[in-house]
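The values are calculated or read from the model by the stated rules, or taken from the named source; none is laboratory data. What you are looking at is a predicted structure, and each value in this text was computed from that prediction instead of being measured. All Cβ positions, glycine included, derive from the backbone under ideal geometry; neighbour counts span all protein chains shown.
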Amino acid sequence: MKKEQKRLNEKVIKYDLLVKKLQDAIEKDRGNVFSKLSDYESNIADLIKNSSHFKNSTQMTVEQSQKEITDLLKKSIEAWAALQTTCANTTESSGSSDSPCDANWLAVNESCYYFVLKPKDWYSSKKFCANRKATLVVINGEEEQEFITKQHSSKYFWIGLSDTEEEGEFKWEDGTNFTTTTTFWRTGQPDDYNDNEDCIARDTEKGTWNDVPCNSKYFFICEKTSLLLDDINMQ
C-alpha cells in the first residue's frame, strides 16, 4: 500500500509540472488572446485545486486516486489541445513543438493517431509505427472503435492485434491484456482460413475485425501516447 501511494505521489508531482506548463503558456500569450483563454484559465484553476486536494489528502484509497488522477490528466490534455488551437495563428510560441501530438497526428484523449493511407503488409506497418515510437493501433473499447470507424469507414486498416506466435492466442502490440478488452469481430471471425490468417484488420463491414494473411497490403493506423503523458502513464 505504501509503495502504491508513493508511486501516486510521484505521478502527482509530474501532474503539477504539467499544470504549471499550461499556466506558463497562458501567461505568455495573454496579450494576444486574453478573451479566448479565459475559459481555459478557469479549467486550469479547477485542475490546480484538484491537484492540491491530492497532495493534502491522506484518506483516499489507491483505486480512487488512480481513477481521479487519470480523469484530471485527460482534462489537462483537452485543455492543452484547446489552448494550442486558439493560439496557433496568433503567436510563434504555439508551434507543433508544444502540441500534444506530432505534426499530422490526430489528438484524441490521451492518444495520438496517424492514419497511413499507403498500403503495407502487417509487419511493414508495424515497423513503420515503431520507427515513430508508436504501435499499430490498440482498440481499448467501444469509444475508440467508433472513433476509428468514423475516420475511414470504407477502408481496410491494420490494427495492432495478431496471433502470430501461437494460433488462437491473440496479443495486442502494446502489451494490453487481450482477454480484458472488448472485441468487435465480424460474424464468423476469426477463422484462420487455410491456416494462414494471423493478423487482424478492421474491415469495411461496420468496422468489425477480421483475421487475414499478414502479407496482405492494407492501410494502417499508428497510435502512441500524447507527448504530455509520456512520463505520466497510469498503467
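Among the residues here, Ala103 qualifies as modelled with pLDDT under 95 and either in contact with a Leu (Cβ under 7 Å, 6 or more places away or on another chain) or loosely packed, with under 15 Cβ neighbours inside 10 Å (or both). Taking Glu173, is it touching a Leu at 6+ places or on another chain (Cβ under 8 Å) and among the acidic types (Asp, Glu)? Yes: the conditions hold for Glu173. Taking the criterion of being farther than 17 Å from Trp122 by Cα and either part of a strand (DSSP E or B) or of a type outside the set (Val, Ile, Thr) (or both), the residues of the range 176-192 that qualify are Asn177, Phe178, Phe184, Trp185, Arg186, Gly188, Gln189, Asp191. Applying a threshold of 6 Å to beta carbon distances and a minimum spacing of six or more residues, or different chains, the list of pairs starting in the range 107-127 at a residue that is in a strand (DSSP E or B) and ending at one that is of a type in the set (Asp, Glu) and at pLDDT 95 or above reads Ser111/Glu223; Tyr113/Glu223.
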